[in-house]
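Worksheet: one structure, shown below.
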Amino acid sequence: SKHCVNLDNRTANVSVKPFELDIGFQFELHVTVSGKKINVSEIPELPIPKDWMRDKLELNFYKTEQAAGGGEIENVTYNRGAGTAVITFLRTG
């Protein structure tokens, strides 16, 4: 909340306020679905490590289990240069 800070023999009253960091990315994916695998294309190249993108893809398709589809992920193969990924599920569905 409120604080008093001494700077060069001067006193400044400051207060702390929450703020949001704008570090998220939003993008659109094109998906082809089969029984056990999903082919994802047109993934934009983002300034994040390859492992992070793979994790984001895995989390996104795992989370969709509650929303009709998705589920436990067996493997994610991500090709940054081609902008594609193959998501393989543990179970067909």
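Each label point was placed 7 Å from the Cα along the Cα-to-Cβ direction; for ASP51 and ASN75 their separation is 2.0 nm. Using a probe of 1.4 Å on the protein chains alone, the accessible area found for THR11 is around 90 Å².
Backbone geometry of region 76-86 corresponds, through the Karplus equation with coefficients 6.51, -1.76 and 1.60 at θ = phi - 60°, to 3J(HN,Hα) couplings of 10, 10, 10, 10, 4, x, 8, x, 10, 8, 10 Hz, x marking Gly and Pro. Amide H to amide H distances under 5 Å link GLY71 with TYR62, THR64, GLU65, where only residues 5 or more positions off or on other chains count and H is placed in the peptide plane.
The values are calculated or read from the model by the stated rules, or taken from the named source; none is laboratory data. In this text, all values refer to a predicted model and were calculated from it rather than measured experimentally. Positions of Cβ are generated from backbone atoms using ideal geometry, with glycine treated the same way; all protein chains shown enter the neighbour counts. Side chains included, ligands, DNA and RNA excluded: accessible areas come from the protein's heavy atoms. Shrake-Rupley method; radii C 1.70, N 1.55, O 1.52, S 1.80 Å.
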